[in-house]
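Since the structure comes first, as structure tokens, the remarks are kept for the end.
The values are calculated or read from the model by the stated rules, or taken from the named source; none is laboratory data. All values reported here derive from a predicted model rather than from experimental measurement. FYI the Cβ positions are ideal-geometry reconstructions off the backbone, even for glycines, and counts take in every protein chain you see. Just so you know, the surface numbers come from the protein's heavy atoms only, side chains and all, with ligands and any DNA or RNA stripped out. Shrake-Rupley method; radii C 1.70, N 1.55, O 1.52, S 1.80 Å.
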Amino acid sequence: VFHDIWLPFAPCQAKWYKEVLKARRVIQAKGLRALLKLLVRLRHICGHPRGICRTDADKEDLKAIPGFDLQGLEALIAGDGQSEEFIQQSGKMQFLDKLMAHLHYQNMGFNSTWRKAWEERQKKSG
């Protein structure tokens, strides 16, 4: 069973979505292929804003856009991929983080053996 869940953008996502969308006039002048690339970038931002600059070629394309926030882009991609900051940059990641924590605690209630093993791992690591 699948359910559609509509999630709001995190502030960081909204900022970069607007930033890329502002460049549409410049990109539109380059042709249809560039416009389709813009749509893909916008979809990547829906997942996580760091998705707009996955490769060096993406970075070069964005540098070619006049007025694009290159310093902000460098700061965005410089962060750690497994940090709290990474999670806070995306509404989808925030939801998944909360969902995984909820499922974790729910599973601990269902399976006492798993809960004991988890508590032992916590004692060893703490």
Subject >> Checklist (1) modelled with pLDDT under 90; (2) small (Gly, Ala, Ser); (3) farther than 22 Å from residue 57 by Cβ applied to residue 31, failing item >> reply: (3)
**OP:** Only residues in the range 75-97 that are in contact (Cβ under 8 Å) with a residue 60 or more places away in the chain and open to solvent by less than 30 Å² (accessible area, probe 1.4 Å) count as the first member; pair them with residues that are of a type outside the set (Phe, Trp, Tyr) and not in a helix (DSSP H, G or I), Cβ under 6 angstrom, at least 6 apart or cross-chain, and list the lot.
**Re:** 89/10; 90/10; 90/48; 91/7; 91/8; 91/10
**OP:** Say whether the condition of being at pLDDT below 85 and either within 20 Å of residue 99 (Cβ to Cβ) or in contact with a Ser or Thr (Cβ under 6 Å, 6 or more places away or on another chain) (or both) is met by at least one residue in the range 59-82.
**Re:** yes
Original post:
What is the residue count in the range 14-60 for residues that are outside any helix (DSSP H, G or I), touching a helix residue (DSSP H, G or I) at 6+ places or on another chain (Cβ under 9 Å), open to solvent by less than 50 Å² (accessible area, probe 1.4 Å) and without any contact (Cβ under 8 Å) to a residue 12 or more places away in the chain?
Top reply: 0
Original post:
When you scan the range 47-104, how many residues do you find that are touching a Leu at 6+ places or on another chain (Cβ under 9 Å), more than 13 Å from residue 19 (Cβ to Cβ) and hydrophobic (A, V, I, L, M, F, W, C)?
Top reply: 2
Original post:
Does residue 11 fit the bill of being loosely packed, with under 13 Cβ neighbours inside 10 Å, within 18 Å of residue 92 (Cα to Cα) and modelled with pLDDT of 90 or more?
Top reply: yes
Original post:
If you check residue 76 against the conditions, is it in a helix (DSSP H, G or I) and in contact with a Pro (Cβ under 8 Å, 6 or more places away or on another chain)?
Top reply: yes
Subject >> Residues located in the range 98-118, provided they are of a type outside the set (Ser, Thr, Tyr) and open to solvent by 70 Å² or more (accessible area, probe 1.4 Å) >> reply: 98, 100, 102, 103, 106, 110, 114, 115, 116
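Name the one entry in 71, 82 that is on the phi < 0 side of the Ramachandran plot, outside any helix (DSSP H, G or I) and polar (S, T, N, Q). It would help to see each step written out before you state the result.
On the way: 71 fails: outside any helix (DSSP H, G or I).
Just one listed residue meets the conditions, 82.
So, in the range 61-74, exactly how many residues are open to solvent by 40 Å² or more (accessible area, probe 1.4 Å), in contact with a helix residue (DSSP H, G or I) (Cβ under 7 Å, 6 or more places away or on another chain) and among the aliphatic types (A, V, I, L, M)?
Let us first name the residues in the range 61-74 that are open to solvent by 40 Å² or more (accessible area, probe 1.4 Å), namely 61, 63-64, 66-67, 69-71, 74.
Applying the additional criterion that residues be in contact with a helix residue (DSSP H, G or I) (Cβ under 7 Å, 6 or more places away or on another chain) yields 63, 66, 69-70.
Next, only the ones that are among the aliphatic types (A, V, I, L, M) stay: 70.
Selection size over the range 61-74: 1.
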